[in-house]
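Inspection log for the structure reproduced underneath, given as structure tokens.
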Amino acid sequence: MFDRIAPVYDAMNRLMTAGLDRRWRAETAAAVVRPGDRVLDACCGTGDLAVACARAGGKITGLDFSERMLARARRKSSEVEWVQGDALALPFESGSFDAATVGFGVRNLADLEAGLVELRRVLRPGGRLAPFYRVWFDRIVPLLGKILPGGGAYTYLPASVRRFPGPEDLVKLMRSAGFGETGYRLFAGGIVALHTGVAE
Ligand SMILES: C[S@@+](CC[C@H](N)C(=O)[O-])C[C@H]1O[C@@H](n2cnc3c(N)ncnc32)[C@H](O)[C@@H]1O
């Protein structure tokens, strides 16, 4: 599915967030990235969050399993290391990163709990995680699929995208996966939630 929507992904994102996603990405990077940090941006897609993390001074690895999304990401930065791989079986040693981010990607993980555990594994103890996601995605997508050019691609969604926990539930799942100091902020009147946690 993501290979198929790669050509329209950035335009759809700007439209669906009225351009606010740029600010959310900068805030996400500011929340967890310190200069010199080794940072994993998992489910990096076309790379905008990875690039925001690089601007915050991190040494970034962007990972996605869609080669077409990665092809677009590669055009945006040659400083970021772009890796094709599965977020549920990350091709990195345990404790390899100081921080990890996931932009609009946790919804797409076929197994959210396993994904969080895997992110915890590749972070060093004390490493910071910041995923953000659209809280109401499942309600607005059918509408956008009808009205936006190319939006039809979004009407085909895996079941995992439709059944997603609310912000409080995601906090609980992060705790079960081994994160402490968990919390979240809501953006744009509660449309988007940015969670943070520290690997224990
Ligand atoms: C909604 S896009 C988000 C892209 C980008 N992070 C952003 O902020 O715009 C979700 C991405 O997650 C990727 N993805 C989903 N499951 C994955 C997995 N198990 N491993 C790697 N990438 C995955 C998809 O290929 C897609 O590029």
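Read-outs throughout are calculated quantities, based only on the coordinates presented, and are distinct from any laboratory measurement. Just so you know, these numbers come straight off a predicted model, no measurement behind them. As a convention, Cβ positions derive from the backbone with ideal geometry for all residues, glycine included, and neighbour counts pool all protein chains shown.
Table for the structure above
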| item | result |
| --- | --- |
| Total formal charge among the other residues, if their Cβ is under 13 angstrom from that of residue 114, Lys/Arg +1 and Asp/Glu -1 | -2 |
| Virtual paramagnetic centre 7 Å along Cα→Cβ of residue 14, amide N under 20 Å, in the range 184-200 | none |
| For the range 190-198, Karplus couplings with θ = phi - 60° (6.51, -1.76, 1.60), whole Hz, Gly/Pro x | x, 6, 10, 10, 10, 9, 9, x, 10 |
| The chain - share of DSSP beta bridges that are antiparallel (%, nearest 5) | 40 |
| For residue 130, distant residues with modelled amide H under 5 Å away | 100, 101, 102 |
| Extension gain, residue 65 back to residue 30 (0.36 nm per residue minus Cα-Cα distance, nm) | 10.0 nm |
| From phi via Karplus (6.51, -1.76, 1.60), per-residue ³J(HN,Hα) for the range 167-172 in Hz, x at Gly/Pro | x, 5, 5, 5, 4, 4 |
| Whole-Hz ³J(HN,Hα) from phi, Karplus 6.51 cos²θ - 1.76 cosθ + 1.60, for the range 46-54, glycine and proline x | 7, x, 5, 6, 4, 5, 4, 5, 5 |
| Cα→Cβ-extended label distance, 7 Å offset, between residue 22 and residue 89, nm | 3.9 |
| Other-chain or far-sequence residues with amide H under 5 Å of residue 56's (modelled H) | none |
| Charge dipole of the chain about the Cα centre (unit charges at C-beta), most positive-ward option of 17, 63, 94 | 17 |
| Taking the chain and dividing mean pair separation by its residue count, relative contact order in percent (alpha carbons under 8 Å, at least six apart) | 19 |
| Cα gyration tensor shape of the range 64-137, rounded if a/c is under 1.5, else prolate or oblate by comparing a/b with b/c | oblate |
| Footprinting exposure proxy for 24, 136 (fewest neighbouring C-beta atoms within 10 Å first) | 136, 24 |
| Within-11-Å neighbourhood charge of residue 89 [Cβ basis; K, R +1; D, E -1] | -2 |
| Value at 222 nm in deg cm²/dmol, rounded to 500, when DSSP H runs of n ≥ 4 in the chain each add -39,500 (n - 2.57) | -12000 deg cm²/dmol |
